[in-house]
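See structure below.
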């Protein structure tokens with residue numbers, strides 16, 4: 001239980017109360033073609049998320065194949081101890097314990113990036129702030145009255161909410177009170193890598209599709225050229 005909160009990646013649970021409206025989302029810099037970022041994101045997910053959340057649509061073998069990584073290295077650097085390369089990313093928390101501690105089983109995150117979007121996840125993970133009125137002592141700008149604690153608080157540090165008056169109305173800013181293990185820049189990169197991995201698992205085939213895209217464009221370009229020359233050949237006799 002001591003280290004449980006550091007293992008939680010809690011995007012949005014079914015028992016969250018309501019989503020905040022009018023919050024400007026921060027932009028994630030997602031590039032699923034960046035294999036290094038994707039592998040780092042996979043490692044972050046296993047380290048901080050797999051304690052509660054699963055990704056049942058992807059196996060460690062698929063990650064290795066899609067990133068051209070060595071299978072042994074994936075097992076060593078990413079997968080938990082004892083996992084097989086053919087295993088899915090199953091949560092370490094069983095259903096009974098999840099319902100006992102949280103009242104419901106944390107959702108599988110295979111499609112969270114497709115349902116919420118990369119910017120939403122990126123902003124959510126960076127928008128926790130101290131709120132003593134909440135059960136876990138924190139709240140979130142993106143998902144107001146979130147029912148879960150900040151899973152990355154040790155890395156980011158602790159923030160507090162500041163309401164500023166502007167000509168357009170009140171604006172809510174978050175100010176860092178206590179520094180975390182990572183600097184602000186390092187934390188941004190870490191969260192971005194994690195979001196990149198979640199975007200990838202939402203549609204692993206996109207890597208193959210994007211790699212084929214350039215060949216499709218070359219084919220279309222050549223076909224257009226041939227069609228144009230053929231058109232000129234047909235129409236020269238008419239004119």
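No value in this document is a laboratory result; all are computed from the given coordinates. Please read all numbers here as calculations on a predicted model, not as lab measurements. Glycine gets a Cβ as well: all are built from the backbone with ideal geometry, and neighbour counts include every protein chain shown.
Structural remarks
- Ordered by the count of other Cβ atoms within 10 Å of each Cβ, fewest first, 114, 40 give 114, 40.
- Maximal additional length on extending the residue 84-residue 101 stretch stands at 3.3 nm, based on 0.36 nm per residue less the C-alpha distance.
- Between residue 161 and residue 145, residue separation times 0.36 nm minus the direct Cα-Cα distance comes to 4.4 nm.
- Look at the Cα gyration tensor of the stretch 5-203: its axes a ≥ b ≥ c give a/c of at least 1.5 with a/b over b/c, and that counts as prolate.
- Across the stretch 122-151, the residues whose backbone nitrogen lies under 11 Å from the label position 7 Å along the beta-carbon direction of residue 177 are 129-133, 137-139.
- Inter-probe distance in nm under a simple model that places probes 7 Å from Cα toward Cβ, at residue 170 and residue 36: 4.4 nm
- The label-point distance for residue 234 and residue 65, in a model that sets each label 7 Å from Cα toward Cβ, rounds to 4.3 nm.
- Gyration tensor verdict on the stretch 105-169 (Cα atoms; rounded if a/c is under 1.5, prolate if a/b is larger than b/c, oblate otherwise): oblate
- Relative exposure of 104, 196, 36, 130, judged by other C-beta atoms within 10 Å (fewest first): 36, 104, 130, 196
- Taking each residue as 0.36 nm, the span from residue 24 to residue 189 lengthens on full extension beyond its C-alpha to C-alpha distance by 57.4 nm.
- The ranking of 123, 84 from fewest to most other beta carbons within 10 Å of each one's beta carbon is 84, 123.
- An oblate overall shape is assigned to the stretch 20-138, the ratio a/c of its alpha-carbon gyration tensor axes (a ≥ b ≥ c) being 1.5 or greater and a/b not exceeding b/c.
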